[in-house]
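A.B. asks: The structure that follows is given in the form of structure tokens.
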Amino acid sequence: MPSLKAPGLASLVGALILVSALVVLLEWHAVGNLSLEVRSHLRGDRRSRYQDQGGGPRRGVAADAPADAGGVGGAGEEAPEEGGHAAGRHLRPLPSFPTPREVRHSSCVSREYDLEAMPQVAIIIPYLNETWEQISQTLASMIAHTPLELVDQILFIDDGNANEWQHHDQLTAMHPKVQVHRNEERQGLIRSKVIGAGLVSSPVVMFMEPHCIVVQDWIQPLLERLAGSRSKRNLIVMPTLDIIPEEDFTDYRVANHHIGGFDWSLNFNWMDLIEKRNRSYHYPDPYQTPALSGGIFAMWRDYWERMGTFDVNMTEWGGEHIEMSLRIWRCGGSIEVVPCSRMGHVFRKRNPYVVHQQQVIKNLKRAALVWLEEEYLAKFFEQVPAARSIDAGDVSERQRLKEGLHCQSMSWYVDNVYPELRHQQPRRR
């Protein structure tokens with residue numbers, strides 16, 4: 001075998017060293033790129049982590065679909081884990097739910113939200129005799145259209161449902177943040193909300209109902225508005241409630257921008273348009289409303305507790321939102337509708353459970369005895385004569401709460417918040 005001469009051997013060794021160095025350099029470059037990608041993925045802030053379900057746009061970015069596009073979303077999608085990713089975990093596919101056309105103002109659609117500046121929220125949903133179709137589609141739309149990194153839990157309160165109406169396993173299978181608490185005996189909608197709020201520790205509580213369809217970016221405007229009141233924490237915020245007809249859960253009708261109000265019977269209804277009430281109002285800015293419409297609103301949890309939650313001696317259903325409206329406004333707080341937050345809601349003609357009219361009147365009388373001074377209390381009894389003979393129970397605890405909160409008079413409320421009460425009001429919806 002011929003031997004290699006020294007110059008040839010030296011050239012070969014030099015070439016091998018050069019090739020080895022080049023390989024090491026390329027591998028080091030590739031590892032560096034991979035490391036950057038991994039760090040970027042792990043670091044991914046909340047803006048980039050959340051992807052909405054059903055192929056919709058990312059938060060704060062307008063959809064490509066035309067304004068009148070509609071249909072059914074969420075079909076066959078898996079429920080996202082925190083940050084919008086399934087994280088390799090198999091979850092129950094989300095049921096299909098109706099997707100309304102884009103109904104938000106263009107400035108709401110294009111708006112970007114700083115999720116890092118928003119407080120965490122617990123969503124509380126009492127339910128009794130709700131169909132699986134509506135309760136599951138309500139939850140599916142929330143999972144699909146909510147940045148779940150902002151949500152600590154979605155807590156359903158089973159208010160003594162019979163077996164066929166409980167839905168526990170199906171609900172909790174839709175997302176790991178969904179939990180169910182059961183009242184073994186019916187406590188009523190009012191007490192169930194108090195129970196639910198007492199079971200959570202999030203800075204913000206959001207009360208919801210199980211027959212709604214939320215739209216894209218529904219919760220961010222509410223939390224952003226609350227974050228702006230962080231120093232005082234004396235604000236309640238509501239979304240705009242569009243209309244889902246009771247007979248057709250797939251339909252969605254856009255509501256106007258009404259204020260919430262009531263008459264001297266203390267029964268709620270939608271009253272004037274905000275544009276008519278306040279000529280300088282600019283849509284879609286948040287606007288003040290004299291009264292809560294019912295059970296869908298968000299507030300700081302410590303404010304909820306400091307203000308006395310609900311009157312737990314009110315039973316079943318009715319009157320609590322009027323009592324709370326008077327309490328919030330007259331004791332240093334305010335209530336706002338935030339039009340960039342929207343959802344469809346079924347306004348029912350009849351509840352799917354028994355509501356005893358005498359209990360509703362009792363609730364209204366409790367509110368009237370605490371919050372209406374003599375001249376206004378007389379107006380209530382004129383409108384609700386049956387209340388005179390109903391025992392409302394002891395209201396001394398609520399009266400002490402009113403005194404401790406240093407609240408304004410009913411005349412102050414009429415003069416400064418709801419002057420329309422001086423006149424007969426046409427109901428607008």
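A.B. asks: Taking 7 Å along the Cα-to-C-beta vector as the label spot, tell me the Val312-Val355 distance in nanometres, rounded to one decimal.
C.D. replies: Label-label distance for Val312 and Val355, simple model: 2.3 nm.
A.B. asks: Looking only at the range 316-347, which residues have a backbone nitrogen under 19 Å from a spot 7 Å from the Cα of Asn234 in the C-beta direction?
C.D. replies: 324-337
A.B. asks: Averaging over all projection directions, find the projected area of the Cα convex hull of the range 257-297 and quote it in nm² with one decimal place.
C.D. replies: On the way: hull surface 12.5 nm².
Result: a mean projected hull area of 3.1 nm².
A.B. asks: Taking K and R as +1 and D and E as -1, what net charge do the other residues with C-beta under 10 Å from the C-beta of Ile190 add up to?
C.D. replies: Taking every Cβ under 10 Å from that of Ile190, the sum is -2.
A.B. asks: Which order do the peptides 291-299, 326-334, 383-391, 229-237 take when ranked by the mean count of other beta-carbon atoms within 10 Å per residue, highest first?
C.D. replies: Values: 291-299: 22.2, 326-334: 20.1, 383-391: 12.9, 229-237: 16.4.
Taking the mean over residues of other Cβ atoms within 10 Å, the ranking is 291-299, 326-334, 229-237, 383-391.
A.B. asks: How high is the FRET efficiency from Asp415 to Glu375, r the C-beta distance, R0 22 Å, rounded to 0.05?
C.D. replies: Rounded to the nearest 0.05, the efficiency is 0.95.
A.B. asks: According to the Cα gyration tensor, what semi-axes, each the square root of 5 times an eigenvalue, does the equivalent ellipsoid of the range 158-239 have, listed from largest to smallest in whole Å?
C.D. replies: 27, 16, 12
A.B. asks: Let me ask something else. First select every other residue whose beta carbon is under 12 angstrom from the beta carbon of Ser409; then total the charges, Lys and Arg +1, Asp and Glu -1.
C.D. replies: -2
A.B. asks: Ignoring ligands, DNA and RNA, please state the percent of accessible area on the range 288-379 from carbon and sulfur, probe 1.4 Å.
C.D. replies: Whole-percent figure for carbon plus sulfur exposure: 48.
A.B. asks: How are the Cα pair distances of the range 196-259 distributed, in percent, across 5 Å bins from 0?
C.D. replies: Result returned by the calculation: 3, 13, 21, 21, 20, 11, 9, 2, 0.
A.B. asks: Given contacts defined as C-alpha pairs under 8 Å and at least six residues apart, what's the relative contact order of the range 356-399, whole-number percent?
C.D. replies: Dividing the mean separation by the residue count of the range 356-399 yields 53 percent.
A.B. asks: Same structure, new question: Please list the three semi-axes, largest first and in whole Å, of the ellipsoid equivalent to the range 172-299, using sqrt of 5 times the eigenvalues of its alpha carbon gyration tensor.
C.D. replies: Listed largest to smallest, the semi-axes of the range 172-299 are 27, 19, 17 Å.
A.B. asks: If you place +1 on the Cβ of every Lys and Arg, -1 on the Cβ of every Asp and Glu, and leave all else neutral, what size is the dipole of the range 151-291 about its Cα centre, to the nearest 20 Debye?
C.D. replies: Numbers: 13 positive and 19 negative charges, 181 e Å.
Computed about the Cα centre, the dipole is about 860 debye.
A.B. asks: Would you please put 167-176, 110-119 in order of how densely packed they are, using the mean number of other Cβ atoms within 10 angstrom per residue and starting with the highest?
C.D. replies: In descending order of packing, they fall as 167-176, 110-119.
A.B. asks: Which value results when the Cα radius of gyration for the range 270-429 is divided by 2.2 N^0.38 Å?
C.D. replies: With N residues counted in the range 270-429, Rg over 2.2 N^0.38 Å equals 1.08.
A.B. asks: Of the heavy-atom accessible surface of the range 151-286 (probe 1.4 angstrom), what whole percent is carbon and sulfur?
C.D. replies: The computed percentage sits at 44.
A.B. asks: When every alpha-carbon pair in the range 310-374 is counted, what percent end up more than 15 Å apart?
C.D. replies: Tail of P(r) above 15 Å: 63 percent of Cα pairs.
A.B. asks: May I ask for the Rg/Rh ratio of the range 354-429, computed from Cα atoms with Rh as the Kirkwood radius, given to two decimals?
C.D. replies: On the way: Rg = 13.9 Å, Rh = 14.0 Å.
My calculation puts Rg/Rh at 1.00.
A.B. asks: Here's a follow-up. Averaged per residue, what accessible area in Å² does the range 230-287 show with a 1.4 Å probe, protein chains only?
C.D. replies: Each residue of the range 230-287 exposes 46 Å² on average to a 1.4 Å probe.
A.B. asks: Keeping all protein chains in place, calculate the accessible area per residue for the range 320-429 (probe 1.4 angstrom), answer in Å². Spell out each step's value before the answer.
C.D. replies: Numbers: 5430 Å² over 110 residues.
For the range 320-429, the solvent-accessible area averages 49 Å² per residue.
A.B. asks: What would the Debye equation give as log₁₀ I(q)/I(0) for the range 109-182 at q = 0.15 Å⁻¹, counting only Cα atoms as equal point scatterers?
C.D. replies: Log10 of I(q)/I(0), two decimals: -0.54.
A.B. asks: What FRET efficiency comes out for Ile390 versus Arg92 if R0 is 51 angstrom and r is the Cβ-Cβ distance? Round to the nearest 0.05.
C.D. replies: Computed FRET efficiency for Ile390 and Arg92: 0.65.
The values are calculated or read from the model by the stated rules, or taken from the named source; none is laboratory data. As the structure is a computational prediction, the values presented were derived from the model and not from experiment. Because the Cβ atoms are built from the backbone with ideal geometry, glycine has one as well, and the counts that use them run over all protein chains shown. These area figures cover heavy atoms from the full protein model, side chains too; ligands, DNA and RNA do not enter into them. Shrake-Rupley method; radii C 1.70, N 1.55, O 1.52, S 1.80 Å.
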